[in-house]
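The values are calculated or read from the model by the stated rules, or taken from the named source; none is laboratory data. In this text, all values refer to a predicted model and were calculated from it rather than measured experimentally. Cβ: placed from backbone, ideal geometry, glycine included. Neighbour counts: every protein chain shown.
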Amino acid sequence: MSERITKDMAKNIYFGGGIFATLIFVGLTFDSVNQIPELSNEVNMTESVVLGKKIWEDNNCVGCHTLLGEGAYYAPELGNVFQRAGSSNEEAFKGYMLGWMAAQPLDIPDRRKMPQFHLSPEQVNNLSDFLIWTSKVNTQEWPPNIQG
Ligand code: HEC
């Protein structure tokens, strides 16, 4: 009996292995896509959250901040600012946001400045709702610490 792999055996390993790996890949892809509605927190997306996202975009907050890691690295990550600045309490966070947005730019030497956007209290409330919603997207423990 010969110990060599025949051409047929090699072909079977090549195609069999290829098909097996492809099936696993397709299966895992379906599994990930099926989990998106639950992970994304989309059921809690209110009209105010949508308005808040629009204000976020119109004012290019992402030009300085990251949100769940996407954006610029000039200013703090805001995906978990609800936990950091509001201790996960909605009233406390909304109060903090009104104060923070109104107080900009802070006159502190040697500290990066955030512009004044002249937003109305309703707009800041929408932004707060958007940031609260974002903080509840299941990112599987990301960012890894409260600083962002
Ligand atoms: C030009 C850059 C810039 C833009 C644009 C900007 N920010 Fe900021 N933001 C900063 C900087 C810098 C800080 C940190 C300031 C400090 O700590 O004194 C900050 C801090 C914050 C904080 C507090 C973060 C914390 O961890 O306590 C919030 C909330 C915030 N920004 C929201 C916004 C929102 C909402 C927008 C869009 C309407 C926005 N920022 C646009 C530069 C910017």
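Odds and ends about this structure:
- Residues that are of a type in the set (Val, Ile, Thr) and surrounded by 17 or more Cβ atoms within 10 Å (Cβ to Cβ) within segment 37-76 comprise Val49, Ile55, Thr66, listed in sequence order.
- Of residues in segment 77-113 being among the hydrophobic types (A, V, I, L, M, F, W, C), more than 24 Å from the chain's Cα centre (by Cα) and within 11 Å of the ligand (Cβ to nearest atom), the one surrounded by the fewest Cβ atoms within 10 Å (Cβ to Cβ): Ile108
- Sub-8 Å Cβ pairs linking a first residue in segment 95-109 that is without any contact (Cβ under 8 Å) to a residue 12 or more places away in the chain to a second residue that is within 7 Å of the ligand (Cβ to nearest atom), at least 6 apart or interchain, are Tyr96/Ala85; Pro105/Lys113; Pro105/Met114; Pro105/Pro115; Leu106/Lys113; Leu106/Met114, ordered by first then second residue.
- Of the set (1) touching a helix residue (DSSP H, G or I) at 6+ places or on another chain (Cβ under 8 Å); (2) more than 16 Å from the ligand (Cβ to nearest atom), all apply to Tyr14 but (1).
Table: residues versus (1) in contact (Cβ under 8 Å) with a residue 40 or more places away in the chain; (2) outside the structural domain of Asn138 (by TED's automatic domain parsing); (3) within 22 Å of Val124 (Cβ to Cβ).
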residue: Thr22; (1), (2), (3): no, yes, no
residue: Val26; (1), (2), (3): no, yes, no
residue: Val33; (1), (2), (3): no, yes, no
residue: Leu51; (1), (2), (3): yes, no, yes
residue: Gly63; (1), (2), (3): no, no, yes
residue: Leu67; (1), (2), (3): yes, no, yes
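- Complete set of residues in segment 114-148 that are of a type in the set (Val, Ile, Thr) and under 13 Å from the mean Cα position of the chain (by Cα): Ile132, Thr134, Val137, Thr139
- Checking each residue in segment 1-50 for being assigned to a helix (DSSP H, G or I) and within 17 Å of the chain's Cα centre (by Cα) picks out Ser32, Val33, Gln35, Ile36, Pro37, Glu38, Leu39, Glu42, Val43, Asn44, Val49, Val50.
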